[in-house]
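S.K.: I have a structure I would like to understand better, so I am pasting it below and will then ask my questions one at a time.
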Amino acid sequence: MWRMSRLCSPNRPCTLLLVAFLQLAFVLFLYRRSQAGSFTIALYEEDRVGDWDYSKTHDVYTNLSLITPSPDRQTLSDCPDESPLLVGPLTISFQKIPVMSKIARKNPYVQAGGRYTPPHCKAQYKTAILVPHRNREPHLRHLLYYLHPFLQRQQLQYAIYVIHQTGNRTFNRAKLLNVGVREALKDEDWDCLFLHDVDLIPENDHNLYICNEKYPKHVSSAMNKFLYRLPYKTYFGGVSALTPDQYLRINGFPNTYWGWGGEDDDISARIYLAGMKIIRTPLSLGHYKMISHNMDVGNEKNEKRFDMVVKVSRSWRSDGMNSIDYNLLYKEEFPLYTNVTVDFGNSPNIQAKVN
């Protein structure tokens, strides 16, 4: 009793003990849900090939020269169910930062706003790529260099949106994605919304950028950062894909996670609370390389994230797409992407108070 009073006196509140307790409570919450059958642990899409050799890779621009415009757009046939342009594992290198003008020259059929429609067949699927961004210009160039040819070989109709948070206030990744969804759906009736971190590059073009019609899909299931394994069973970070209907069923992403961490676990919980499950790209296909970087200024760890996540069952219906507010400063069509710049005003203090 004396030792506890020394740890938890009026002059020394139990802040660290409280944080540890909240972390433990959240782990127990997830465990009990998984034991009750609410969480399906191993739900993966099928990999028809399965045995990929990632030591043998191809240039990301392989086969793009085979794309030739049809002289008559009115008589185009549907693109085949499986694109003949796919090559499998890709050569990824971050040694040299590509120049925007060079990327544009290498992708001549990409239109203003980063929009692409196959010029030789009628796309069967329309996907919007949404990238939250601030002060990551080199990463963005790498992503555009690799993602444009990757998507063209899949014969998709697509557009890339980069949602930029202006100013030096605390970063809010999840709120930026809500903005991206709202602005993208103003432009097109998209079949699929891909929520894509700027520092992750896909390594296999058989990892199709289309949604699962039944469940929200976690796509970056095997990142090199985690030795190509899933870091934990309810992980939903990096790259994910939802249909617009699925996104609205979970009320979008939370708007209240300022700084790094917590929003992925909140989103994962929302999916199950909305009566759905998570499906994943198989580990053999979901390979991603992360561009190494230090923690960004203005994106420090959110010390309140554990306390927020354990309250998601009470907050998810009121914190999301139905409560988002933002000041849209610019929506511009650049050659390789649509730039959406927003201002969120003053951000709250993300650090827990310690007396």
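S.K.: Of all trypsin sites (Lys or Arg not before Pro) in the range 104-171, which ones are in loop regions per DSSP and have a Cβ with at most 16 other Cβ atoms within 10 Å?
M.R.: R169
S.K.: Net charge around Q246, counting only other residues with Cβ within less than 13 Å of its Cβ (Lys, Arg = +1; Asp, Glu = -1)?
M.R.: So the surrounding residues net to +2.
S.K.: If you bin every alpha carbon distance in the range 201-270 into 5 Å steps from zero, what whole percent lands in each bin?
M.R.: 3, 14, 24, 24, 20, 12, 2, 0
S.K.: Still on this model: Work out the count of Lys pairs in the range 186-288 where the Cα-Cα distance is under 20 Å, with the pair 8 or more places apart or on different chains.
M.R.: Eligible lysine pairs with Cα atoms under 20 Å apart amount to 7.
S.K.: Now a separate question. Measuring from centroid to centroid over Cα atoms, what is the spacing of the range 90-143 and the range 189-219 in Å?
M.R.: 15
S.K.: Taking only the alpha carbons of the range 166-246, what extent do you get along each of the three principal axes, in Å, biggest first?
M.R.: Computed over the range 166-246, the largest-to-smallest principal extents equal 37, 36, 23 Å.
S.K.: Separate question: Could you size up the charge dipole of the range 75-162 around its Cα centre, putting +1 on the beta carbon of Lys and Arg and -1 on that of Asp and Glu, and report it in debye to the nearest 20?
M.R.: 440
S.K.: As an exercise, take the mean of 1/r over every pair of distinct alpha carbons in the range 112-255, invert it, and state the Kirkwood radius in angstroms.
M.R.: 15.7
S.K.: Semi-axes, largest first, in whole Å: what does sqrt of 5 times each Cα gyration tensor eigenvalue give for the range 90-194?
M.R.: Result for the range 90-194: semi-axes of 23, 20, 11 Å.
Here, each number is a calculation from the coordinates, and none is a lab measurement. Not measured: the values here are computed from a predicted model. Cβ atoms come from the backbone with ideal geometry, glycine included; neighbour counts cover every protein chain shown.
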